[in-house]
1. Kindly work out what percent of the DSSP beta bridges joining two residues of chain A are antiparallel, to the nearest 5.
2. Calculate the mean, over all residues of peptide B:41-49, of how many other protein chain Cβ atoms lie within 10 angstrom of the residue's Cβ.
3. Using alpha-carbon pairs under 8 Å, 6+ residues apart, how would you state the relative contact order of the range A:195-351 in percent?
4. Quick one: angle between helix A:136-151 and the longest Cα principal axis of chain A, in degrees between 0 and 90, rounded to 10, please.
5. Give the angle, between 0 and 90 degrees and rounded to the nearest 10, that separates the Cα long axis of helix B:91-101 from the longest principal axis of the Cα atoms of chain B.
6. D for the protein assembly as shown, whole µm²/s, Stokes-Einstein with Kirkwood Rh over alpha-carbon pairs at 10 °C and 1.306 mPa s: what number?
7. Over the whole of B:174-187, what's the average partner chain Cβ count within 10 Å per residue? Rounded to a whole number, please.
8. Given A:Lys23/A:Lys269; A:Lys52/B:Lys38; A:Lys23/A:Lys461, which pairs have Cα atoms separated by over 30 Å?
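Here, each number is a calculation from the coordinates, and none is a lab measurement. Just so it is clear, the structure is predicted and the values come from calculations on it, not from any experiment. We place every Cβ from the backbone using ideal geometry, glycine too, and count neighbours over all the protein chains shown.
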Amino acid sequence: MAMLAAAREGRHTLLIAPTGGGKTLAGFLPSLIELADGDHDGLHTLYISPLKALTQDVHRNLEQPIAEMSLPVRAETRTGDTPEAKRRRQRHRPPHILMTTPESLALMLSYPDAATLFGSLRAVIVDELHALAGSKRGDLLALGLARLARLSPGCRRIGLSATVAWPEHLRRWLSPDADAAAVDLVTCAKGMSADIALLESDRLPWAGHTAQYALPEVYDAIRQAGTTIVFVNTRAQAEIVFRQLWLLNAESLPIALHHGSLAAEQRRKVEAAMAAGRLRAVVATSSLDLGVDWAAVDLVVQIGAPKGVSRLLQRIGRSGHRLDRPSRALLVPGNRFEVLECQAALDAIREGVLDGEPPGPGGLDVLAQHILGTACAGPFDAEALFAEVRWAAPYAGLARSDFDDTLRFVEDGGYALAGYDRYRRLTRTGNGTYHLATPAFARLYRMNVGTIVEAVTLKVKLRKGPILGEVEETFIQGLTPGDTFIFSGEVLRFEGVRETTVMVTRTAGVEPKVPAYAGGRMPLSTFLAARVRRMLDQPAHWQALPPPVQEWLEAQRQRSQLPGADRLLVETFPRRGREFLVAYAFAGRNAHQTLGLLLTRRMERAALGPLGFVATDYVVAVWSLRPATDVPALFGLDMLGDDLEEWMADSAVLRRTFRTIAVIAGLIERRHPGHEKTGRQVTFNTDLIYNVLRRYDPGHVLLRATRQDAARGFVDAGRLADLLTRVQGRIDVRRLDRVSPLAVPALLEIGKEPVDGAALNELLDEAARTLIAEATAPDLADREAGTLPA
Amino acid sequence: MTGTPLTFGGVAAIALPEGALLLPDHAALVVADLHLEKGSGLARQRCLLPPYDTRATLDRLEVLIRRWQPRLVICLGDSFHDGGGTNRMAPADRDGLGGLMAGRTWIWIAGNHDGVHAGAIGGQVVASFRLGPLTLRHQADGSDDHAAEVSGHFHPKAAVAAYRRRITLPCFVDDNRRLILPAFGAYTGGLDVFDPALTALLAPRFRVHVLGRDRVHTLPAAALLRPR
């Protein structure tokens, strides 16, 4: 009702409600009322969601009231799957309500008739706003909305979001001029409270994330529930858990698997079976975090660490949409640290506090794409475009110089070298108006629109059988024919690669290798990490923990000490002829990877002979030939200066980031099936470009955008900086005679955690030397064999 | 930065980690596939890559020339990315190249990309070049009558396994009769040594000299990963 009142007054509205609760239809209600008299000509309401599947689902749900009330309303969807003829028709004779994605909106805005098409627009509904704001897709959408504000100034905005820690930021994001006050906030009363339990078990492993020990209990829970979603954190975990559950599945319950690498058709089938109530359980990754609501789910199981409170709540919210029942959830930690994390998340949920980073400033790469798109629709004035771009909240603080540099990049590459500006994409007329240099660029733009740059993947195909899904190319690179791996719930034998397809056969492999997908690894949230530290620091609170965990922490207190809430504990100890250094930094896996590399580098310089490191969400452990004597110096703030700069500039992670930025900004084209280079070549080429640009034009706008991205994400340099600053002068160094109880889980991860690409770069020459040793070994063996009597 | 000594056709040769070949007995430096002005060539096709590739390539070449002071420099073809490259070259780069050429013999072997156009800068343009027992040409021609042939054209690279990953690096390829150099240009990609175009030319038991960060690693073909 609050929505209707706001709509009548033409106010912008942000509706924050837990998953389900019919909030999507609530967003459409004002539009349906306005359209009921049949007087509106042209497009009235635009609905934008991050998922194609959601546009179709919402369309179905909307057709029902339209048909029941015989409303004179035409509603259609438009996504990348919509046939060309229908898209063209939609531009000439638009429906009243159009359901689409951020990318399709950008495309529609790039046509010269965009002003006519959107001139009649009265309302824009943005669904799952919490998932879009703060991402590059969100940046693209924010810029698209700013354009819409120019084309249809009176247009009302409605945002729909799950509960978040930063509603003010979302209000700002939704507002037409980055002013939170312009947007009414409607918060849905909390639904029935959730019933969340931590799985009790006496067998708590030291390491691992798949909770194999607890799967019999999980299976029992599935048996007792109607329908269950079993959430895991990575696709590899999904494969393992799915397989193990089927080994336990004596009753042959219909249990399915859902993750982002499976063939789209297969995922659709699982979703349809779920919607029809034909499944008892589905093992899923974040591929089911968003999307279609299923009323029938009555239990959510989270296997492994929750990683963040808001994320866990969204997952739990997928169950119990029947009003008479609370959501039910079961947390299943995979190891002892994950018990702490689960308990911290539970406490936070009970206290009603949330975590999550508010959206940061928008990317310059996305801005470059938007500028080119704007030019495709028609000539633009730079002053007016700058003003318009700053209406979008992610770009509200955009400096004029950043805008100008980005514009120059779109215009002619924006390079410092004189004489190169004869090649251009935009031409300028005297009064500051920019035109597209040739229509060919519009075609290029439309083929490359969007901000999702996928890792290079290969199709997985059964020999003489169907396509099962896709895997990242880097995973396949680690395999040789004959190797086995689990995929799509089956053990498959790798036979070889034909062009872009991985050929496999079914096999009953004994010990399969497991897909080591790059995706799906979320680092522990800063908020949750802080709560875990606090919990460790307050033994009075340990009573809530299972006895094995209490004993573990007690042993740590006696043998070493516990990491203080605002201090950094560093232990050093010898083990099997190696010296270990373990830092309990609690800064998340990505920041720890970076810290591990920097520590290794500094220990190398101190002639300590570092040999390797392992990074988990909680600790980083480095081993070396000689013990570190001056530990606080190793963690000195100067690490953030030249060391970090130098390492980052050279790291594979930054190269990968640059590649994404180069594609989004339009420096190089993205891949298109059929007529393009292979993904491998693109990777190679952007590395070459990166090297040259870094050396000869270090201030180039694309390098600035790359560094901006690296401060978050894979490198998490921002979080590392916070950590180091916080602990200066507060480092507790403990010299031990052997490994401490708290260090055991990290040491057990050694060899299991894949070496990051960045580390690989560093280790390249060592790898080659090892290889030479191996390569020359057969000669030696031959010679020795020759000396033996026949 | 040291190189790996090879004896090739009875001539002392050093494979340098920068991807060039040094022939100390002749005070000669050999480089392949510079592809100068590739950036501006692509820019004409409206792909606005950073235009510093020529400068980057010449800077790398200058380092080698200063260090080894060759009397003779041989570029094994495709020195320019296309026939128009010499005209598009920025004046500073043209002067820089002139400085490198001054006081030494400079041989441009004609490639399939640049033909004879490199001659516009100076130096001699030839189809192939004899140096003692060595024949230097752009592309290995597949015939058997060359005792020792040095060529470029293919931009060879090799894949090695390390930490369960595949690392691909530019390399020299050598089967005692033919030596094929990696591409020297800043914007040059590569072709796997197991590509049929290369294996058709090479004896089955060839070796590669992989370019590491600061050294060259010699590996037998059997130690390499096959292309997928």
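1. Within chain A, antiparallel bridges account for around 40 percent of the total.
2. Per residue, the average neighbour count from other chains is 6.
3. It rounds to 33 percent for the range A:195-351.
4. 10 degrees
5. 60 degrees
6. Estimated via Stokes-Einstein, D reaches 50 µm²/s.
7. The shielding value for this peptide is 1.
8. A:Lys52/B:Lys38; A:Lys23/A:Lys461
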